[in-house]
1. Can you go through 246, 263 and tell me which one is within 26 Å of residue 578 (Cα to Cα) and of a type in the set (Ser, Thr, Tyr)?
2. Report whether or not residue 165 is surrounded by fewer than 16 Cβ atoms within 10 Å (Cβ to Cβ), away from ligand 1 (no atom under 16 Å from the Cβ) and among the charged types (D, E, K, R).
3. Looking at 476, 549, 540, can you tell me which residue is under 30 Å from residue 423 (Cα atoms), crowded, with 22+ Cβ neighbours inside 10 Å and of a type outside the set (S, T, N, Q)?
4. Of the conditions (1) within 16 Å of ligand 2 (Cβ to nearest atom); (2) under 17 Å from residue 156 (Cβ atoms); (3) of a type in the set (Ser, Thr, Tyr), residue 113 clears all except one; give me its number.
5. Just name the residue that is nearest to residue 183 (Cα to Cα) out of those in the stretch 274-312 that are of a type in the set (D, E, K, R) and assigned to a strand (DSSP E or B).
6. Among the residues that make up the stretch 208-231, is at least one of them surrounded by fewer than 14 Cβ atoms within 10 Å (Cβ to Cβ), touching an Asp or Glu at 6+ places or on another chain (Cβ under 7 Å) and in contact (Cβ under 8 Å) with a residue 24 or more places away in the chain?
7. Can you work out which of the residues in the stretch 245-272 that are surrounded by fewer than 20 Cβ atoms within 10 Å (Cβ to Cβ) and charged (D, E, K, R) is farthest from the chain's Cα centre (by Cα)?
8. Keeping to the stretch 185-222, report how many residues are among the small types (Gly, Ala, Ser) and in a strand (DSSP E or B).
Amino acid sequence: MTPEKQIQVLPDHVANKIAAGEVVDRPASVVKELVENALDAGATRVDIEIVAGGRKAVTVSDNGSGMSRDNALLSIERHATSKIRDADDIERVGTLGFRGEALAAIASVSRFSMTTRRADADGGTEILVAGGRIQDVREIGCPPGTSISVRSLFFNIPARRRFLRSEQTEVSHVRQMFLLYALSYPEIGFSLTVDRREAWRLASGASEEQRLRDLLGQDAFRRLKPVAGELAGVKVHGFAALPEHSRGDRSEQYVFINRRPASAPVLGFAISEAYHTLLPRGRYPVVYLHVEMDPSLVDVNVHPAKKEVRFRRPSEVRDAVIAALREALGPVAPQGVPLAAFSDAVPDAASIAAPAAPLLNIPDMPSPHAFSYPPLPMVPSSSPAGGEGDKERVSPAASAVREKAPWSWCRVLGQAGGLYVVLETEDGLVLMDPHAAHERVLYEKFMGEVLAAEVKAQGLLAAETVELLPDDAERVRENMATLRAMGFGISEFGGDAFIVDAMPACLGNVAPGVLLAEVAQGLSRGGERAGTEHWAEDAVAVAACKAAVKAHDTLRLSEVEQLVVDLAKAEMPYTCPHGRPTIIFMGFNELHRKFGRM
Ligand code: ADP
Ligand code: MG
């Protein structure tokens, strides 16, 4: 028999040291905990300073409530918190912290010093702790608020210290953390000082928009669309980038849940879903989103560092996020901007300031041709008195379109490689893939009709009998009613054969057999999205793909022009429904730079 080993309760400083591993793993997590405490203390200014990637020192100073001497001493005890009183409070925490672990954990693995003072107190308190043991407590003169310095992180856990990465890497983690809280709390003034140099100083009292502008810069900000929506008590607001500014990973998806930077699998899914048909596989949209809801519907106590949360009703959160993003990105018709309303107002090509010098002579494209798409900057308002260029009088819808449209005038210069259409616009050169562009145009048109349940069907001159593969036939049978609603005049002909006597008019002359099979497949795939407005997306996307001009089809100039006009009017002109680009733009600025003209 093995001799029985004596069980012992670990002394506090040992237990703290062990627990510290869960809360702090690097300087950035110290920053996180200290900043959260400052915010919970009602600070309006938070100043962060790090030295040597935070290995030497992390200091966070705030102008918040401060602490009395007694509370200051308690704050570094494990499970000491002023934020909850009993277990039930966890259900509805309104503060960032509540576990009462952070200061104890951090103080147990560093040389820790805190100065703190309540505004109404004459003096402040300073506490020095090393490796969890209090070294000194004394009265001190200091401004109201709290300042905590964490030096020599993990000095007493060499294995941990070795795990820290290069200074540069740790700095970038700290910057990232800084960014998160700066974004989440625009009304709070923040500064970040790295090795005595000020990296950021953000004024307090900023709006969400102003803070984003400050952090991202004007150019990046311009790519964003405001997001705002509410569904079943879940509020979603923030900004989302147009699909063409996507990234290869999720690193630019910032989501704040009740102002807490946190993730949840359902959110990543919802964001991708919202951009479905706008981005190719493996591309991730850039978003800055706030999700707000009743705190009792969010469980933040899943992870010691509270990086991940759980929702009581994930599907409501998902739907709210999708709806808000879709709305921001410009939903396909019918909810979209009523573009048709402007087509009357198109000034004729002659009034457009495009250079008209004859250039190349291309067969079938005899002269470069300037034309406009509706609406132009000078679209008059609905009031007849509206003068040209009078911005005040441009209707809000017109300006919304103008903002989104890729150019205000352009001319077709020719076609390259028998494929790419070359355009000149006011800002530079555009290469357009006619197939992708046509796909986008057809997709939006068809989708608009389908969602409005107003699909125009076109009778075939002669009904066609279509024999399908067994699987495809099964899918067609399952989706018969939907296919009819989508404009397919279709009836069973026995076995796996069908008679088709009408087709969706907007798709032109596509072979019914192929289209039917593909659309039915799309509908089956889309079944997973059933009950949302996305059910038809896959089906409509394949239909658009089949019906669009093929890559090397010969196009007449008038057809190309029509396509350019239609694309410019599209809600999402920049990508095809599978997310491939429709146009590639090279700005004159870029050309000037390349030619050394800057
Ligand atoms: P928690 O934040 O989970 O309560 P912490 O260990 O981070 O646990 O902090 C313990 C307590 O110390 C807090 O509940 C709060 O009362 C107090 N405290 C910590 N930091 C500050 C600060 N910067 N200003 C005022 N009080 C603070
Ligand atoms: Mg805390």
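1. Working: 263 fails: within 26 Å of residue 578 (Cα to Cα).
Going through 246, 263 in turn, just one is within 26 Å of residue 578 (Cα to Cα) and of a type in the set (Ser, Thr, Tyr): 246.
2. yes
3. Working: 476 fails: under 30 Å from residue 423 (Cα atoms); 549 fails: crowded, with 22+ Cβ neighbours inside 10 Å.
Testing whether each residue is under 30 Å from residue 423 (Cα atoms), crowded, with 22+ Cβ neighbours inside 10 Å and of a type outside the set (S, T, N, Q) leaves just 540.
4. For residue 113, the exception is condition (1).
5. 292
6. Looking for residues that are surrounded by fewer than 14 Cβ atoms within 10 Å (Cβ to Cβ), touching an Asp or Glu at 6+ places or on another chain (Cβ under 7 Å) and in contact (Cβ under 8 Å) with a residue 24 or more places away in the chain, one finds none in the stretch 208-231, hence no.
7. So the residue we want is 259.
8. Qualifying residue count, the stretch 185-222: 3.
Each value in this text was obtained by applying a stated rule to the coordinates, not by laboratory testing. Being a predicted model, the structure only gives us computed values, none of them experimental. Cβ coordinates were reconstructed from backbone atoms using ideal geometry, including for glycine residues, and neighbour counts include every protein chain displayed.
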